Amino acid sequence: MAMALAALHALPASAVLTEFNIAAVEPFAEGSTFGSAGAYERVRGTFKGELDPADARNKVIVNLDKAPRNAAGRVEYEADFFMLRPVDGARGNGKLIYDVTNRGRKYIHWRLMDARTKSVAHANDPRVVEDAGNGLLFNMGYTFVWSGWDPDAPRTNNGMAMKPIIATRDGASIVRVIRDELVNGTRSPLRETFRLTHNAATTDQSQAKLTVRRREADARVEVPASGWAYVNDREIRLLPEGTKPQQGSIYEFHYPAKDPRVLGVGIAAARDLVSFMRYEKADAKGTANPARGVKATLGFGVSQSGRFLRDFVYQGFNQDERARKVLDGALAHTAGVGGVFLNAEFGQPARTNTQFEDHMMPENAFPFSTARMTDPVTGKTDGLMRNDGFDPLWMETNTSTEYWQKGASLLATDPLGTKDVQQPANARTYLIAGTQHGATAWMTSTPGNCVNPRNPHSPTPALRALLVALSEWVDGKAPPSSQTPRLQDNTLVAVQKLQFPAIPDVAVARRVSEFGVLTDWAKPTMDMSKPYRPLVTNVDADGNEIAGIRLPEIAAPLGTHTGWNLYKAPYVEGELCDRDGTFIPFAATRAEREARKDPRPSLEERYGSHAAYVKKVEAAGNQLVAARLLLKEDAERLVERANNADTRKRFGP
């Protein structure tokens with residue numbers, strides 16, 4: 001014990017990660033080998049660290065000054081970590097990928113490498129060879145790391161979290177009236193109770209208020225006290241008992257909450273973990289760094305995790321407490337222009353802002369783009385990049401959905417959407433055309449809660465190529481240029497100018513998620529007197545997007561793929577259906593098309609034969625491979641799929 005304490009005090013004052021507790025080291029994939037990297041193993045456990053509230057790099061953390069401190073005046077934290085590493089570190093490629101967990105979940109193996117997942121618990125516990133998917137990044141020798149950063153992320157189903165750190169005011173509970181938005185069935189299974197994001201300071205109903213409305217813009221109708229009750233200090237239900245919330249309606253609960261977590265510590269913990277794995281040999285107790293021979297680090301995040309990376313860079317966390325760069329490169333996918341409602345008092349990181357839901361929750365705020373500019377709405381001059389020597393090489397990719405729901409056009413225009421902007425040399429932005437927010441390799445075209453069939457077109461072949469390009473960029477090879485719609489060539493337009501074809505029985509979206517400056521989220525107030533102006537990608541006569549990375553399924557389409565859809569009853573008809581897209585297949589023959597009154601040419605009319613279609617897919621793939629926007633093996637897979645029996649059947653007998 002005395003030796004451990006001596007080692008701790010011997011650390012330099014700036015040392016922040018103090019202890020690794022490794023619970024298990026286990027074989028991965030039953031010892032299967034991956035290319036030159038050989039076999040992999042799983043390493044799981046927890047790590048502890050300390051933050052100096054006086055360090056300028058930590059002052060951005062909201063309420064860190066109100067967190068408990070140890071005898072050295074530091075704030076202690078503890079979080080989960082998980083790693084997949086080559087058994088023989090010398091056979092790895094010397095690069096670590098930090099896959100930012102999304103609500104406690106691991107993503108990269110199934111979102112980027114197409115592993116089939118049987119359940120959330122299975123996805124969060126990569127163990128067998130099938131969990132490596134196509135094995136691309138394993139074969140290349142990367143080390144993969146995940147960690148918990150949100151104390152409220154569920155640990156059920158093998159999720160990852162961190163211990164909560166509670167802010168107090170001179171030892172007394174902090175209490176504040178806040179707002180929860182509660183919607184039933186749109187993003188989670190139907191339930192009879194609502195869970196609150198924070199503990200209620202009191203269950204006295206007279207101090208709380210519940211309202212309901214059907215649409216975001218509708219007037220709020222108060223639910224009387226006789227119509228609801230607390231189940232406990234984190235849950236409410238409707239009365240009389242057994243009353244179920246209306247599907248899709250927006251309930252809003254104002255209540256006095258207490259004991260806010262210091263949520264920004266989660267970002268610092270991620271910083272410290274990756275920094276330690278890159279630079280240090282051992283922790284204070286002599287436990288060896290579980291990452292072996294790391295020379296470069298990459299960050300990868302999807303949706304909430306991509307927004308986490310935007311905050312990570314903008315708020316200065318890519319510089320550790322010893323003034324060292326943390327991530328060399330980062331790829332944020334489907335983040336749009338927003339951040340996470342995390343580093344705030346009573347933050348709610350699980351929120352995601354769309355046209356219908358969570359619309360008045362903090363997410364989208366200037367600066368949107370990596371390009372430094374002056375915001376005509378607020379008068380601020382800023383950019384996502386800090387230009388302080390610690391910015392990573394930066395890529396962001398978005399699907400079509402983020403242009404409709406997440407303001408993604410503002411990544412490449414001024415805030416009012418009047419002119420294109422030039423991004424800095426260390427940043428790239430890509431639209432993967434004709435895709436929806438959550439599409440994966442194994443998705444099928446079912447309607448779900450939406451009125452139209454959803455869009456199964458997967459963006460992951462482009463993502464794989466771009467992550468490889470990012471890794472090469474870190475090594476000094478410039479990546480492909482940005483691929484986004486632009487005002488100058490009329491590929492970026494206002495939604496009102498979009499000329500979508502009149503396809504029978506297809507409900508068409510006519511609006512995007514609009515937003516201005518959010519001045520108060522607890523008493524929701526958004527200034528729309530001078531709103532920001534998100535735009536969308538222009539389309540061709542089929543309704544397919546004409547800009548961005550057009551994978552072979554868009555360059556040689558079998559139907560119309562969009563990033564938007566609309567809700568169907570019993571949900572709120574006419575509102576944008578969360579982050580889903582639409583897929584409408586082409587008719588096989590001219591006769592079939594004419595019978596349907598479909599204006600889009602049939603497969604027969606546009607290709608002539610299945611063989612001709614396959615050739616177009618092959619040509620489109622080869623063009624993307626040459627541009628480094630598609631890997632050769634993915635081009636071959638897409639040709640193979642184009643040539644399979646199921647695709648051949650679509651062309652008729």
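Among the residues making up the stretch 119-137, those that are modelled with pLDDT of 95 or more, part of a helix (DSSP H, G or I) and not β-branched (V, I, T) are E130, D131, A132, L136, L137.
Pairs, please: C-beta under 9 Å, at least 6 apart or cross-chain, first residue more than 13 Å from F366 (Cβ to Cβ) and in the stretch 511-525, second open to solvent by 90 Å² or more (accessible area, probe 1.4 Å) and of a type outside the set (S, T, N, Q)? Listed pairs, sorted by first residue: E514/R533. Scanning the stretch 47-66 for residues that are surrounded by 18 or more Cβ atoms within 10 Å (Cβ to Cβ), farther than 22 Å from D170 by Cβ and of a type in the set (V, I, T) yields no hits at all.
Would you mind finding the one in T374, T378, T397 that is open to solvent by less than 10 Å² (accessible area, probe 1.4 Å) and either aliphatic (A, V, I, L, M) or at pLDDT 95 or above (or both)? Going through T374, T378, T397 in turn, just one is open to solvent by less than 10 Å² (accessible area, probe 1.4 Å) and either aliphatic (A, V, I, L, M) or at pLDDT 95 or above (or both): T397.
The strands (runs of 3 or more DSSP E) located wholly in the stretch 138-239 include none with 3 or more residues which are in contact (Cβ under 8 Å) with a residue 40 or more places away in the chain and of a type in the set (K, R).
Exactly one residue out of V493, V512, V474 is more than 21 Å from A412 (Cβ to Cβ) and of a type outside the set (K, R), and it is V474.
For the residues G89, G133, G148, the requirement of being over 24 Å from R195 (Cβ atoms), small (G, A, S) and under 24 Å from the mean Cα position of the chain (by Cα) singles out G133. When you check N387 against the structure, is it among the polar types (S, T, N, Q), modelled with pLDDT of 95 or more and open to solvent by 20 Å² or more (accessible area, probe 1.4 Å), yes or no? Yes, satisfied.
For the stretch 64-112, the set of residues classified as part of a loop (DSSP other than H, G, I, E, B), among the hydrophobic types (A, V, I, L, M, F, W, C) and farther than 27 Å from Q304 by Cα consists of A71, A72, V87, listed by residue number. Inspect all residues belonging to the stretch 43-63 and state whether any of them is modelled with pLDDT of 95 or more and in a helix (DSSP H, G or I). No, the stretch 43-63 contains no residue that is modelled with pLDDT of 95 or more and in a helix (DSSP H, G or I).
Screening the stretch 447-481 for residues that are among the polar types (S, T, N, Q) and open to solvent by 20 Å² or more (accessible area, probe 1.4 Å) and picking the one that is farthest from W394 (Cα to Cα) gives N449. Between A335, A330, A323, the distinction of being open to solvent by 10 Å² or more (accessible area, probe 1.4 Å) and of a type in the set (G, A, S) belongs to A323 only. Of the candidates R91, R74, R105, R69, the single residue that is free of Cβ contacts under 8 Å to residues at least 60 places away in the same chain, open to solvent by 20 Å² or more (accessible area, probe 1.4 Å) and under 22 Å from G339 (Cα atoms) is R105. Summed over the stretch 618-653, residues that are open to solvent by 60 Å² or more (accessible area, probe 1.4 Å), outside any helix (DSSP H, G or I) and within 21 Å of A587 (Cα to Cα) total 3. The single condition among (1) crowded, with 16+ Cβ neighbours inside 10 Å; (2) over 22 Å from I108 (Cβ atoms); (3) at pLDDT 95 or above that A79 does not satisfy is (2).
Restricting attention to the stretch 408-422, which residues are touching a Leu at 6+ places or on another chain (Cβ under 9 Å), buried (at least 23 other Cβ atoms within 10 Å of the Cβ) and not in a helix (DSSP H, G or I)? Selection gives A412, T413. Scanning the stretch 593-617 for residues that are touching a residue at least 12 places away in the same chain (Cβ under 8 Å), under 15 Å from L558 (Cβ atoms) and either polar (S, T, N, Q) or in a loop (DSSP other than H, G, I, E, B) (or both) yields D598, R600, P601, S602, S609. Residue count for the stretch 264-281 under the criterion of being of a type in the set (A, V, I, L, M) and either open to solvent by 10 Å² or more (accessible area, probe 1.4 Å) or within 19 Å of K295 (Cβ to Cβ) (or both): the result is 3.
Looking for something within 30 Å of T374 (Cβ to Cβ) and open to solvent by 10 Å² or more (accessible area, probe 1.4 Å) - is there at least one such residue anywhere in the stretch 436-446? Checked the stretch 436-446: no residue is within 30 Å of T374 (Cβ to Cβ) and open to solvent by 10 Å² or more (accessible area, probe 1.4 Å). Against the test of being farther than 24 Å from E573 by Cα and part of a loop (DSSP other than H, G, I, E, B), the options Q488, Q499, Q436 yield a single qualifying residue, Q488.
For the stretch 418-425, check the following and say yes or no: at least one residue is at pLDDT 95 or above, farther than 22 Å from A555 by Cβ and touching a Phe, Trp or Tyr at 6+ places or on another chain (Cβ under 7 Å). There is no residue in the stretch 418-425 that is at pLDDT 95 or above, farther than 22 Å from A555 by Cβ and touching a Phe, Trp or Tyr at 6+ places or on another chain (Cβ under 7 Å). When A153, A67, A167, A72 are checked against the criterion of being of a type in the set (A, V, I, L, M) and either closer than 21 Å to P290 by Cα or under 21 Å from the mean Cα position of the chain (by Cα) (or both), a single residue qualifies: A153.
At positive phi and open to solvent by less than 20 Å² (accessible area, probe 1.4 Å): does that describe G133? For G133, the condition - at positive phi and open to solvent by less than 20 Å² (accessible area, probe 1.4 Å) - is not met.
Y251 falls short of the stated requirement of being over 18 Å from W521 (Cβ atoms), open to solvent by less than 70 Å² (accessible area, probe 1.4 Å) and assigned to a strand (DSSP E or B). A count restricted to the stretch 153-199 and to residues that are closer than 30 Å to N70 by Cβ, at pLDDT 95 or above and open to solvent by less than 70 Å² (accessible area, probe 1.4 Å) stands at 16.
The values are calculated or read from the model by the stated rules, or taken from the named source; none is laboratory data. The shown structure was predicted, so the numbers you read here are calculated from the model rather than taken from an experiment. All Cβ positions, even for glycine, are placed from backbone atoms using ideal geometry, and neighbour counts span all protein chains on display. The area values use the complete protein model at the heavy-atom level, side chains included, leaving out ligands, DNA and RNA. Shrake-Rupley method; radii C 1.70, N 1.55, O 1.52, S 1.80 Å.
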